[in-house]
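Here's the structure we're looking at; comments come further down.
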Amino acid sequence: QVQLVESGGGLVQAGGSLRLSCAASGRTFSSSAMGWFRQAPGKEREFVAAITGRGSMTNYADSVKGRFTISRDNAKNTVYLQLNSPKPEDTAGYYCVAGDWGTSPSPRRYAYWGQGTQVTVSS
């Protein structure tokens with residue numbers, strides 16, 4: 001079993017920055033692919049970014065490419081999502097996920113999900 005706990009969400013102005021963190025426990029963290037999804041009210045769940053176990057490969061949704069950065073610190077069992085220049089349309093609940101391998105954008109590839117942290121971007 002894997003436990004994922006997100007933190008760092010909140011209110012941010014458009015054009016500002018925010019960093020989300022996800023602390024993982026219960027599994028060999030460095031062997032797990034990690035990622036972030038988001039879901040806004042009335043919208044479908046959306047892939048944001050993913051990173052392989054050793055951090056050698058990353059994948060981003062086109063909507064965040066160049067603005068968001070996913071990274072991980074295996075010594076701290078933590079994955080991060082840096083939000084730079086967020087836009088109001090980035091407002092959503094952000095969910096940390098863990099899977100076996102790869103950087104797939106499919107939610108079915110991730111067996112473990114956190115409870116989420118809310119990000120609200122004001123214009």
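The values are calculated or read from the model by the stated rules, or taken from the named source; none is laboratory data. Quantities reported herein were computed from a predicted structural model and do not represent experimental measurements. So basically every Cβ, Gly included, is an ideal-geometry build from the backbone, and we count neighbours across all protein chains shown. Note: areas computed on protein heavy atoms with side chains; ligands, DNA, RNA excluded. Shrake-Rupley method; radii C 1.70, N 1.55, O 1.52, S 1.80 Å.
Considering only the stretch 17-49, how many residues are assigned to a loop (DSSP other than H, G, I, E, B), hydroxyl-bearing (Ser, Thr, Tyr) and open to solvent by 20 Å² or more (accessible area, probe 1.4 Å)? Lay out the reasoning, then the answer.
We begin by selecting, within the stretch 17-49, every residue assigned to a loop (DSSP other than H, G, I, E, B); these are 26-28, 32, 40-45.
Add one more test, that the residue is hydroxyl-bearing (Ser, Thr, Tyr), and what stays is 28, 32.
Of the ones still in play, those that are also open to solvent by 20 Å² or more (accessible area, probe 1.4 Å) are 28.
Of the residues in the stretch 17-49, 1 are assigned to a loop (DSSP other than H, G, I, E, B), hydroxyl-bearing (Ser, Thr, Tyr) and open to solvent by 20 Å² or more (accessible area, probe 1.4 Å).
If you go through the stretch 57-66 one residue at a time, how many are surrounded by fewer than 17 Cβ atoms within 10 Å (Cβ to Cβ) and within 14 Å of residue 104 (Cα to Cα)?
First pass over the stretch 57-66, keeping only residues surrounded by fewer than 17 Cβ atoms within 10 Å (Cβ to Cβ): 57-58, 61-63, 65-66.
Narrowing the set further to residues that are within 14 Å of residue 104 (Cα to Cα) leaves 57-58, 61-62.
Matching residues across the stretch 57-66 total 4.
Within the set of pairs 6+ apart or on separate chains, which have a first residue in the stretch 97-123 that is touching a residue at least 40 places away in the same chain (Cβ under 8 Å) and among the hydroxyl-bearing types (Ser, Thr, Tyr), a second that is part of a strand (DSSP E or B) and open to solvent by 40 Å² or more (accessible area, probe 1.4 Å), and C-beta atoms under 7 Å apart?
These pairs meet every condition: 103/58; 103/59; 117/7; 120/11; 122/11; 122/13.
Does the stretch 67-84 contain at least one residue that is crowded, with 22+ Cβ neighbours inside 10 Å, touching a Leu at 6+ places or on another chain (Cβ under 9 Å) and more than 17 Å from residue 114 (Cβ to Cβ)?
No: zero hits.
Looking at (1) more than 16 Å from residue 9 (Cα to Cα); (2) touching a Pro at 6+ places or on another chain (Cβ under 7 Å), can you tell me which one residue 71 breaks?
If we test residue 71 against (1) more than 16 Å from residue 9 (Cα to Cα); (2) touching a Pro at 6+ places or on another chain (Cβ under 7 Å), just (2) comes out false.
All but one of (1) at negative phi; (2) modelled with pLDDT of 95 or more hold for residue 85, so report the exception by its number.
All conditions pass for residue 85, except number (1).
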